[in-house]
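What follows draws every value from the coordinates through simple rules; no lab data is involved. Since we're looking at a predicted model, the values are computed, not measured. In this analysis, Cβ positions are derived from the backbone assuming ideal geometry, glycine residues included, and neighbour counts consider all displayed protein chains.
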Amino acid sequence: MGILVKGCAVSLDTLNTKVPTGDSRPLAKDFEMRENNNGVTSKTGRKDRQRSQAESPLDEAIPPMLNIENVQHNYGDVQALRGVSLTAAKGEFLTILGESGSGKTTLLRIISGLEQPTAVDRIEIDGVDVAQLPAAQRNCTTVFQNYALFPHMSVRENVEYGLSVRGIGSDERERRALEALDLVRLDGKSERGIGQLSGGERQRVALARALVTQPAILLLDEPLGALDEKLRQQMQEELVVLHRQLGMTFIYITHSQEEALTMSDRIVLMSQGQIVQAGTPETLFDRPNSQFSADFMGFENILTGTLQSFKEPYAEVSLGGKSVKGVWTGKTLPEIGQAILVAFRSERVKIGDSIDTSKACNTLPCTAGDRLYRGKYVDQTAETEFGPVRARIWDRSQQLSDFKQISWRFDDCVVLT
Ligand code: ADP
Ligand code: MG
């Protein structure tokens, strides 16, 4: 069955209909319950968020909210997913990060049941095998980038929609819709038409419509992609707060590393239909384990050398005659003497001759190269024997001309293949 929304056919499945669950607990009450349980039985709230960043993302004692094993999906000749396995803990904010075409949407559509995978070993939501269940019977809801709202309905009617298809009575529908609108700070606008809302407000309606059904998992496919930068940042913060309040499992798709780093408990980085690295934002940001991850996560400096020695956790690399040290993060250590990469971020590079070399840091001689003024900071290039190294300088009082040396700490340097 299909309905025309904004000139395109949308199946009822995409509008997140589900079988009635009979669960009519107020969202806010649910929130109080989770906040008060001290983080023992649910991985929610700031406390758990910090814990899950420090430790393993999955607590063995709690069954995962989502478990997918070895999913493959082809569109004709295109291999969109090539053996992806993924788990999400209860209450986790999990972000799937990757460039356009890496398979993120396909993975989300397979989780929600909108796409039937070419092959999969297992898909479980909250312990239930859903591989054969249609979208309407999976306990998850999707928020789309293009909102997919009904233009002819009011804000409240849009939010009530998912409840009315489940046969929930009008009084309860209205109460729950107003509560969901309150959560997304749209309570004063419930009787407006969709056309009378800004882009940010429409996205909030789409969010309220997804939340009102209290799914076990909220799936968000680049939901902030159409918003301008300022609004996007504001909505990022609001989503984090909302996630904390509700304790729901969020699976969030984005191609923006900054968005992933800001919001997530854990990030899964995808490339060409495969997961290339998964870990906390800190791990992805500071400890990429491949050249692809380092590149994607914005390591401006990647130099090639040869492996000189290895003593956990540091690998020593020879750059010409010069030796530098960094934390080994790669997957398989090459032989001594083989080619290896040294990667470090421009904001961790210090320039100048007054560097305290007694600290555990690498130094390289250089000459000052190009400089790019960027307002908040300056991007300064240092020309070394091994090619240009970029340094990001935030300190306006820093002398930028005529320096002859750069340095960066061993711990701010990764070595990988
Ligand atoms: P992402 O969401 O990361 O941008 P997608 O999951 O949409 O990636 O797409 C993964 C790959 O599958 C891409 O190469 C894309 O072109 C292809 N693809 C996606 N949907 C279809 C489709 N309906 N038909 C054919 N190819 C598709
Ligand atoms: Mg996509």
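Values as computed for the structure displayed
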{"quantity": "Stretchable slack from residue 238 to residue 119, in nm (0.36 nm times residue separation minus alpha-carbon distance)", "calculated": "39.2 nm"}
{"quantity": "Over the range 246-337, equivalent-ellipsoid semi-axes from the Cα gyration tensor in Å", "calculated": "31, 13, 12"}
{"quantity": "Contour excess over end-to-end distance, with Cα ends at residue 99 and residue 318 and 0.36 nm allotted per residue", "calculated": "75.6 nm"}
{"quantity": "Semi-axis lengths, Å, the range 376-417, gyration tensor of Cα atoms, sqrt of 5 times eigenvalues", "calculated": "21, 14, 10"}
{"quantity": "Zone of residue 373's modelled label, taken as backbone nitrogen in the range 391-410 under 16 Å from a point 7 Å along Cα→Cβ", "calculated": "393-401"}
{"quantity": "Descending principal axes extents, the range 291-416, alpha-carbon based, whole Å", "calculated": "43, 30, 23"}
{"quantity": "Additional length obtainable on full extension of the chain from residue 198 to residue 229, 0.36 nm per residue less Cα span", "calculated": "9.7 nm"}
{"quantity": "In nm, spacing of pseudo-spin labels at residue 137 and residue 258 (7 Å Cα→C-beta vector)", "calculated": "4.5 nm"}
